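Take a look at the structure set out below.
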């Protein structure tokens, strides 16, 4: 008998981590889990909700709960909890992004296939047509994640995923400034052009110019805690 939410969550989490429960697999119903573990449906519901919040499962009303495939961005939440107290600034993040994303752009120029290039260009179309601040940030993040995914180096994918929440904050600051967008967005096209041309030096250079734009144009915000900068902007759209 399990008896408590914590014990039920621990048992299900163990099955998820060990692979007993595979991505895409549907979990037993709340009723079935309650019978199996001899707990109330309320306890089951709370345990499933906790697993969903932590990214282990996805809950679809009327359909049930399904095992969720791990994603690189799942790493960002524990990183954020640890790093927020360190007062991460735009300057800190830009320097970290240089290390990760310039290497990713170089790798993509060597490893990306035609499907990767087509997807990058499609993401740029979505980004260009975005009309809200939130949509511009979302499509921009997807674009940069895709470059990391195309680099042929899964460690770069994981590293970008781990800092993605901070990158979102930085992108809110960038996309709230029309001048930054005016200069930065064309560099997206240049990055893809250099990747498609199999030009690793050119791709790396274009990515670096794109990323360090924040240091040149953020003014005093560049050394403020990034979370504070984003908090000032997330209620604004332009």
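Values in this text are rule-based calculations from the coordinates and carry no lab data. All figures in this text were calculated on a predicted structure; none of them were measured in a lab. We place every Cβ from the backbone using ideal geometry, glycine too, and count neighbours over all the protein chains shown.
Considering Cα pairs under 8 angstrom that are at least six residues apart, work out the relative contact order of the range 74-233 and quote it in whole percent.
Values: 218 pairs, mean separation 61.7, N = 160.
Taking the mean separation of contacting Cα pairs over the length of the range 74-233, I get 39 percent.
How long is the range 108-161 along each principal axis, judged by its Cα atoms, biggest number first, in Å?
33, 24, 11
List 164, 129 from most exposed to least, where exposure is judged by having the fewest other Cβ atoms within 10 Å.
In order of increasing Cβ crowding within 10 Å: 129, 164.
Quick one: 179, 110, 33, 170, fewest Cβ neighbours within 10 Å first, how do they rank?
Sorted ascending by nearby Cβ count, the order is 179, 110, 33, 170.
Starting from the Cα gyration tensor of the range 5-67, take the square roots of the eigenvalues, sort them a ≥ b ≥ c, and report rounded, prolate or oblate (rounded when a/c is under 1.5, otherwise prolate if a/b is larger than b/c, else oblate).
On the way: a/c = 1.44, a/b = 1.17, b/c = 1.23.
Cα axes put the range 5-67 in the rounded bin.
Which of 224, 106 has the fewest other C-beta atoms within 10 Å, and how do the rest follow up to the most?
224, 106
For residue 69 and residue 182, what does the FRET efficiency come to when R0 = 41 Å and r is the distance between their Cβ atoms, rounded to the nearest 0.05? Working shown, then result.
On the way: r = 37 Å, r/R0 = 0.91.
It comes to 0.65.
Any chance you could check the Cα centroid distance between the range 89-106 and the range 161-188 for me, in angstrom?
13 Å
Using the alpha carbon gyration tensor of the chain, what are the three equivalent-ellipsoid semi-axes (square root of 5 times each eigenvalue), largest first, in whole Å?
Working through the eigenvalues yields semi-axes of 38, 21, 16 Å.
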